[in-house]
Amino acid sequence: MEPRTLAALAVVLAVAVGFATAHFWSARPHPVRPPDLVGEAARAGAVRPAPGDAAVPGPSPGAKPVAEEAAHVVVDVSGKVRRPGIQRLPSGARVADALRAAGGARSGVDLTGLNRARVLVDGEQIMVGAPPGTPVADGGGSAGGTGGGSGSATGPVSLNSATVDQLDTLPGVGPVLAQHIIDYRMRHGGFRSVDELREVNGIGERRFADLRPLVGP
């Protein structure tokens with residue numbers, strides 16, 4: 001072979017070897033390094049929510065739990081107390097607690113007819129120092145002030161204006177039955193006659209016969 005032909009073959013062979021070497025080098029496996037953001041998140045322990053996961057809303061900062069509302073009662077202490085007005089007290093508080101919250105009764109006020117051990121009802125009015133039979137603005141769930149309001153001492157007790165404490169003084173009537181009478185009065189807009197007392201839950205014929213001469217509409 002001529003020298004030119006040998007030289008050309010040598011050049012082609014060198015180019016082929018170089019191309020094969022480059023191809024082999026580029027095809028070899030390389031270690032894969034994770035992106036910086038993924039590595040930092042993994043080191044920090046950050047967990048991103050999946051696209052389908054719904055975010056769980058937190059409690060509203062302005063909303064009060066129902067349990068907290070139910071744990072208090074609001075009453076209106078009126079009459080002869082040092083600081084009359086609305087009082088917010090824990091659930092289960094008694095009339096005596098409401099009197100203390102209102103600064104106590106004024107000097108000389110007779111509290112004989114006021115049941116200070118009675119458990120308060122939310123929304124009721126406590127009238128301190130009012131004479132027996134004085135009507136209350138809300139018409140029920142209230143405690144009277146002075147005197148017992150008994151039928152024999154002050155005349156018939158008015159079913160349309162008597163308080164729980166005044167009804168409690170009647171024979172055979174306790175705090176529960178007195179509240180039933182006031183509840184009936186609120187539901188029906190008052191008593192039109194004494195005979196309607198028969199329709200109150202807990203009053204039978206015998207108890208009605210005892211109460212009839214002691215009460216009035």
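The values are calculated or read from the model by the stated rules, or taken from the named source; none is laboratory data. Owing to the predicted nature of the structure, the values given are computational and were not obtained by experimental measurement. Here the Cβ positions follow ideal geometry from the backbone for every residue, glycine too, while neighbour counts run over all protein chains shown. These accessible areas exclude ligands, DNA and RNA; they are computed on the full protein's heavy atoms, side chains included. Shrake-Rupley method; radii C 1.70, N 1.55, O 1.52, S 1.80 Å.
A simple packing score, the average count of other Cβ atoms within 10 Å per residue, orders the peptides 75-85, 108-118 as 75-85, 108-118, with the highest score first. I need the fraction of alpha carbon pairs in the stretch 88-128 separated by more than 17 Å, rounded to a whole percent. Roughly 23 percent, rounded to a whole number. For Gly79, the residues whose modelled amide H falls within less than 5 Å of its own, excluding neighbours fewer than 5 places apart on the same chain, are Val128.
When peptides 184-191, 161-168, 9-16 are sorted by average Cβ neighbour count within 10 Å, with the highest value leading, the order is 161-168, 184-191, 9-16.
Each residue was assigned an accessible area with a 1.4 Å probe, and for Ser193 the value is about 40 Å². Label-point separation (nm) for Arg100 and Leu13, each offset 7 Å from Cα along Cα-to-Cβ? Placing both labels 7 Å along Cα→Cβ, they lie 11.3 nm apart.
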